[in-house]
1. Only one residue in ARG112, ARG154 is buried (at least 21 other Cβ atoms within 10 Å of the Cβ) and basic (Lys, Arg), so which one is that?
2. Whether any residue in region 106-116 is assigned to a strand (DSSP E or B), in contact with a helix residue (DSSP H, G or I) (Cβ under 8 Å, 6 or more places away or on another chain), within 13 Å of ARG148 (Cβ to Cβ) and of a type in the set (Val, Ile, Thr) is what I want to check.
3. Could you grab me the full set of residues in region 97-144 that are among the acidic types (Asp, Glu) and over 20 Å from GLU85 (Cβ atoms)?
4. Keeping to region 43-64, report how many residues are open to solvent by less than 10 Å² (accessible area, probe 1.4 Å) and under 16 Å from PHE105 (Cα atoms).
5. With respect to ILE79, is the statement that it is crowded, with 19+ Cβ neighbours inside 10 Å, β-branched (Val, Ile, Thr) and either at pLDDT 95 or above or touching a strand residue (DSSP E or B) at 6+ places or on another chain (Cβ under 8 Å) (or both) true?
6. Pull up region 115-151, narrow it to residues that are in contact (Cβ under 8 Å) with a residue 24 or more places away in the chain and over 20 Å from PRO51 (Cα atoms), then point me to the one that is surrounded by the most Cβ atoms within 10 Å (Cβ to Cβ).
7. Would you mind stating whether ALA147 is farther than 16 Å from ASP35 by Cα, part of a loop (DSSP other than H, G, I, E, B) and more than 11 Å from the chain's Cα centre (by Cα)?
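The values are calculated or read from the model by the stated rules, or taken from the named source; none is laboratory data. Every value quoted in this text rests on a predicted model; they were computed, and no experiment measured them. All Cβ positions, even for glycine, are placed from backbone atoms using ideal geometry, and neighbour counts span all protein chains on display. Heavy atoms of the whole protein, side chains included, go into the accessibility calculation; ligands, DNA and RNA do not. Shrake-Rupley method; radii C 1.70, N 1.55, O 1.52, S 1.80 Å.
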Amino acid sequence: MLRAHRARAAGALILATLALAGCAGHPRRSASPPDTGAAIAALAVSLVGAPYQFGGADAAGFDCSGLAFYVHERFGFTIPRTAREQQRAARPVPLGELEPGDLVFFHIHKRRVDHVGIYAGAGRFVHAPRAGGAVAYGDLSDGYYRARLVGAGRFWSGPTGSPAPR
């Protein structure tokens, strides 16, 4: 099962990389192409089913912030390693302006941010929820997550074209 998952993730990464590469003869206008958020979300979705691993940040297993770290790193973004640090470093995004690829932050066990997911669109996000589980979808309309959602942030250039901090 892990071998099939790795093959699926590698295939998605190759497709996303090719899509982002575009035509080499045309210069890019911003720090990241406008579809970077969608590509980030697509890679996260391809990892659904990967095992949870506390402290994990590679295809062998992920914790929540390791998943965000891994996916962003594949697109050339160096982001902090923990959910709390990711929230502090990300450019804030109003919840009404969420785009696929944005990070959504939660306080699950503490009063401070201790969980993160990657927004996939249509109210859903991808995250590594807990030990013994796997990378899965969550739903922002679910009462559990809705009550614990504290904000969102972005590391890629959004619709406004303004680059995110690196």
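1. The match here is ARG154.
2. Of the residues in region 106-116, the ones assigned to a strand (DSSP E or B) are 106, 115-116.
Those still in the list that are in contact with a helix residue (DSSP H, G or I) (Cβ under 8 Å, 6 or more places away or on another chain) too: 106, 115-116.
So of that shortlist, the ones also within 13 Å of ARG148 (Cβ to Cβ) come out as 106, 115-116.
Those still in the list that are of a type in the set (Val, Ile, Thr) too: 116.
Yes; the residues of region 106-116 include at least one that is assigned to a strand (DSSP E or B), in contact with a helix residue (DSSP H, G or I) (Cβ under 8 Å, 6 or more places away or on another chain), within 13 Å of ARG148 (Cβ to Cβ) and of a type in the set (Val, Ile, Thr).
3. In the first step, residues of region 97-144 are kept if they are among the acidic types (Asp, Glu); the result is 97, 99, 102, 114, 139, 142.
If the condition is that a residue be among the acidic types (Asp, Glu) and over 20 Å from GLU85 (Cβ atoms), then GLU97, GLU99, ASP139, ASP142 are the ones that fit.
4. Summing the residues that are open to solvent by less than 10 Å² (accessible area, probe 1.4 Å) and under 16 Å from PHE105 (Cα atoms) in region 43-64 gives 1.
5. Details: crowded, with 19+ Cβ neighbours inside 10 Å: yes; β-branched (Val, Ile, Thr): yes; either at pLDDT 95 or above or touching a strand residue (DSSP E or B) at 6+ places or on another chain (Cβ under 8 Å) (or both): yes.
For ILE79, the condition - crowded, with 19+ Cβ neighbours inside 10 Å, β-branched (Val, Ile, Thr) and either at pLDDT 95 or above or touching a strand residue (DSSP E or B) at 6+ places or on another chain (Cβ under 8 Å) (or both) - is met.
6. Of everything passing the filter in region 115-151, TYR145 is surrounded by the most Cβ atoms within 10 Å (Cβ to Cβ).
7. On the way: farther than 16 Å from ASP35 by Cα: yes; part of a loop (DSSP other than H, G, I, E, B): no; more than 11 Å from the chain's Cα centre (by Cα): yes.
Taking the combined requirement at face value, the residue does not satisfy it.
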